[in-house]
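Here the structure comes first, spelled out in structure tokens, and everything after it is commentary.
Bear in mind that the values in this text are calculations on the coordinates, not laboratory data. Being a predicted model, the structure only gives us computed values, none of them experimental. When we count neighbours, we look across all protein chains shown, and the Cβ atoms used for this are built from the backbone with ideal geometry, even at glycine.
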Amino acid sequence: MNKKAKHSLILFVLISLTYSCKSQKVESFKNDKTLEMRNNSLLIKLDLTRGGAISFISKTDEKRNLVNIHDEGRYIQQSYYAGKRLDRQDEGQSPRWSPWTWNPIQVGDAYFNRAQILASEIKGNTVYTQCIPMLWDMNNKPAEAIMEQWTTLEDNVIKVKNKLTCQRTDTLYGEGMKRSQELPAVYPISSLSELYSYVGEKPFTKGPMKKLEVKFLQNGFWGRYQNGEITESWMAFVDQNNWGMAVYSPSTQSFLAGMSGRPGGEAESGSTSYIAPVKKVALYKNSVFEYEYYIIIGQLEEMRETIYDIQSKN
């Protein structure tokens with residue numbers, strides 16, 4: 001074999017090996033209860049008994065879950081609000097959550113009844129789920145809506161596209177009221193207790209990040225950053241070594257963030273951290289609403305660099 005032929009063969013083998021590695025980069029698993037994906041960086045799980053919400057994120061070689069799953073109001077999930085607040089206690093509404101708006105959420109309701117999965121599948125490094133959500137405040141009352149979710153795993157980044165299709169027939173809540181939508185609702189473990197973002201006037205110029213005061217829910221409310229001050233559209237909860245979880249939601253510069261309970265909690269603890277990018281949107285009876293967001297895991301500086309890379313590509 002001459003040198004040219006040898007060179008072509010070697011090049012072909014290298015290309016084939018590269019393609020093979022890429023095609024096998026993400027391993028996936030599905031059963032009646034869970035959809036799982038893993039690569040060299042992360043393992044993620046979606047709970048099919050709870051609307052396909054993200055229930056588990058860890059390093060590939062670790063068992064520590066970074067998502068708080070203490071109750072159906074936690075996880076990383078879709079949650080939307082529409083209409084006026086109503087007292088429906090005579091219909092089974094929770095006294096703790098009364099009065100309340102129309103509030104379909106992906107996992108289940110305050111009484112621990114869970115959403116119904118309609119479809120789920122894995123294609124490559126993306127999983128798809130579709131469910132009928134539950135009204136959070138009501139006892140076992142499915143919402144007149146469909147939620148869909150496309151979850152893609154790439155290195156240490158989880159990209160999610162969410163879609164809500166409203167199919168309401170009620171005449172209770174009224175129409176046209178703008179409500180702050182959680183895009184999405186994210187509950188990291190409270191062991192990730194240090195809150196960071198960029199709050200300057202020159203986003204995506206590598207200006208200094210700011211460590212923010214963590215507002216505790218028991219002292220009034222989560223911290224509100226609702227005047228467009230989170231100009232790079234991300235916030236992160238990290239540990240003392242600046243390692244943790246960032247939430248990047250390009251469609252908004254307003255956030256809620258804080259902690260319920262105390263630092264040091266894990267996945268099933270009553271204590272939790274919380275991040276929610278928020279945007280005021282009026283949802284009508286037949287609205288279709290969709291958006292994308294990203295969860296990044298890693299060191300604070302590296303997560304920000306990843307967000308810059310995502311922003312530049314988009």
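A few points about this structure:
- Trypsin sites (Lys or Arg not before Pro) within segment 195-230: DSSP coil, no more than 14 neighbouring Cβ in 10 Å: K206
- The order of the peptides 259-265, 100-106, 170-176 by mean Cβ neighbours within 10 Å, most packed first, is 100-106, 259-265, 170-176.
- Sequence of I44, I275, I122 once ranked by neighbouring C-beta atoms within 10 Å, starting from the fewest: I122, I44, I275
- Fraction of alpha-carbon pairs over 28 Å apart in the chain - percent: 41 percent
- Loop-located GluC sites (Glu not before Pro) in segment 38-126 whose Cβ has at most 14 other Cβ within 10 Å (DSSP): E62
- Computed helical MRE - 222 nm, the chain, DSSP H runs ≥ 4 contributing -39500 (n - 2.57), nearest 500: -4000 deg cm²/dmol
- Taking other C-beta atoms within 10 angstrom as a stand-in for reagent exposure, D87, D137, D47, D155 fall in the order D87, D155, D47, D137, fewest first.
- Packing-based ranking, highest mean first, of 92-98, 289-295 given that Cβ atoms within 10 Å are counted: 289-295, 92-98
- Put in order of Cβ neighbour count within 10 Å, fewest first, the listed residues L300, L135 become L300, L135.
- Here the contact order of segment 27-313, divided by its residue count and restricted to Cα pairs under 8 Å and six or more residues apart, works out to 17 percent.
- Ordering of 242-250, 301-309 by packing [mean C-beta count within 10 Å, highest first]: 242-250, 301-309
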